[in-house]
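Each remark here refers to the structure printed beneath this line.
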Amino acid sequence: MAEALRSAGEVEAAERLDALRRLEIRFSIDLGSLCHRFERRNAADTHPLERTVLDYIATWHRLEDGREEFWVLVDHVRQVRELIEAGELVGKVDPGG
């Protein structure tokens, strides 16, 4: 996608895309999936727990000029991951214990 943008002369957009990809890799976050899930978080078939988690890890932030930015709260993502991993450990049985 970045190469197609560069070929079309959209160098700045390609650079933003590259930066987003580096962020995804650094923080192990699939931004496309997260954005999709966040966009449909209020759908009738979204579980209330999923809705709560999405509202905890991401938010729209209004700037002084009225524009909005989508913020992913990486520390909150990390906390949710730690809770998930702790829950997985609880489910494991210690055969020697």
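Output the residue which, of all residues in the stretch 56-83 that are of a type in the set (Phe, Trp, Tyr) and not in a helix (DSSP H, G or I), is surrounded by the fewest Cβ atoms within 10 Å (Cβ to Cβ).
Here the residue is Trp60.
Counting residues that are in contact with a helix residue (DSSP H, G or I) (Cβ under 9 Å, 6 or more places away or on another chain) and of a type in the set (Gly, Ala, Ser), which helices (runs of 4 or more DSSP H) fully inside the stretch 1-54 reach at least 2?
Here the list reads 2-7, 11-27.
None of the figures in this text is laboratory data; all of them are computed from the coordinates on show. It should be emphasised that the depicted structure is a prediction, and the values quoted were computed from it without experimental measurement. Cβ coordinates were reconstructed from backbone atoms using ideal geometry, including for glycine residues, and neighbour counts include every protein chain displayed.
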